[in-house]
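Here the structure is laid out as structure tokens; the discussion comes afterwards.
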């Protein structure tokens, strides 16, 4: 099984450096890659960290070639149809490049301007909305969820902080067998938030609030409902007005249906009723809602990486107060070695951000504060390779080159709980 911490699958993974599913993995067909040649193994020439000591390597032509080779190697191994990669540093160069195809049926090339589904990266937006309401004095992180939502198991003990930090003990609805059957038998079906909660609440709690860490999409459905109740706006409208517009994220949206702006990449998944690989681009993402329904592009995610990691908008104003941002970035350890998880955000070896996965798409958006470096990866498959998510494979391979002291190295299997 893959990490119960990273995707939107039948243990269903809503992506992230923390959360996933157990489902059969069927390898997709090999794809001819327009730029693929015999790849040079990453690390044949060990990059030397820059004298500044921030742990990031200058993006010289030689280093960029190493990144090219590493990306193509992972693509070939994991049979990834298409991927776009962006690396930005303030003084050591930038790298923006696409590989492979956006559409296997036509051979249309992948490119950095395509819209992509971003799965669990949605969590960072939902929790930002929650934290803004905390800053406004409308709610408190240590409020219990029963103040806002009725009939939640242990609702008089589970706090909003525990929901955002994946320490509620609630059952993850996306691991329910009936939910998985309903989703895969009819990918066009619309789910309401209450229906998703019903799949969770029929199960006993896993542990008492705060006792453990367990990545759980149910938590974010509840937080989305809290945002709606307190703000008086639909979640997508709140996020648009209070987050996307101020941050200048003009190609990011929270869909209310199956809308998917063009141009976009087709997505390929084996999370299907038969296990066969299908194109999931037009599937209804309502089943992921506040936990994983959003869409974005590479350049918007570049902006968001720094904004969510610092709490500061591109114009220098605050999206989240410094005090609340410090609480967000308090990242207690998790069962995943080297990874801490705060309030809707993780820290893996110093890289701050989130990953995302849902049928057909994966993404990774992370920021290394000490170097002011950003890495964004978006791809059009979620099919595992040797029990590992391809977005994690890309993150590991690329950071071994550009930040050898800070390697995004999530393991394929979590430590036993």
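The values are calculated or read from the model by the stated rules, or taken from the named source; none is laboratory data. A quick note: this is a predicted structure, and the numbers were derived from the prediction, not measured. With ideal geometry, Cβ positions are generated from the backbone for all residues, glycine too; neighbour counts draw on all protein chains shown.
In a residue-by-residue description of the stretch 388-397, the property of being surrounded by fewer than 21 Cβ atoms within 10 Å (Cβ to Cβ) and touching a residue at least 60 places away in the same chain (Cβ under 8 Å) applies to at least one position.
On the basis of being touching a strand residue (DSSP E or B) at 6+ places or on another chain (Cβ under 9 Å) and not in a helix (DSSP H, G or I), does residue 204 make the cut? No, not satisfied.
Each residue in the stretch 52-70 was checked for being crowded, with 21+ Cβ neighbours inside 10 Å and either under 21 Å from residue 269 (Cβ atoms) or free of Cβ contacts under 8 Å to residues at least 24 places away in the same chain (or both), and 0 of them qualify. Give the residues of the stretch 154-196 that are crowded, with 16+ Cβ neighbours inside 10 Å, over 21 Å from residue 328 (Cβ atoms) and in contact with a helix residue (DSSP H, G or I) (Cβ under 6 Å, 6 or more places away or on another chain), sorted by residue number. The answer is 155, 171, 172, 173, 174, 176, 179, 183, 191, 193, 196. Considering only residues in the stretch 199-236 that are free of Cβ contacts under 8 Å to residues at least 24 places away in the same chain and farther than 14 Å from residue 128 by Cα, the one that is surrounded by the fewest Cβ atoms within 10 Å (Cβ to Cβ) turns out to be 232.
Yes/no matrix, rows are residues, columns are (1) under 17 Å from the mean Cα position of the chain (by Cα); (2) crowded, with 24+ Cβ neighbours inside 10 Å; (3) at pLDDT below 95:
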residue: 362; (1), (2), (3): yes, yes, no
residue: 373; (1), (2), (3): no, yes, no
residue: 379; (1), (2), (3): yes, yes, no
residue: 386; (1), (2), (3): no, no, yes
residue: 400; (1), (2), (3): no, no, no
residue: 410; (1), (2), (3): yes, yes, yes
residue: 415; (1), (2), (3): no, no, yes
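Please specify each residue of the stretch 86-97 satisfying the condition of being touching a residue at least 12 places away in the same chain (Cβ under 8 Å) and either crowded, with 24+ Cβ neighbours inside 10 Å or out of contact with any helix residue (DSSP H, G or I) (no Cβ under 9 Å at 6 or more places or on another chain) (or both). Passing the criteria: 87, 94. Of the residues in the stretch 316-337, none is crowded, with 21+ Cβ neighbours inside 10 Å, part of a loop (DSSP other than H, G, I, E, B), in contact with a strand residue (DSSP E or B) (Cβ under 6 Å, 6 or more places away or on another chain) and modelled with pLDDT of 95 or more. Say whether the condition of being closer than 21 Å to residue 381 by Cα and either assigned to a loop (DSSP other than H, G, I, E, B) or under 21 Å from the mean Cα position of the chain (by Cα) (or both) is met by at least one residue in the stretch 210-220. Yes - at least one qualifying residue is present in the stretch 210-220. If you filter the stretch 98-113 down to residues that are more than 22 Å from the chain's Cα centre (by Cα) and part of a loop (DSSP other than H, G, I, E, B), you find that the one that is surrounded by the most Cβ atoms within 10 Å (Cβ to Cβ) is 104.
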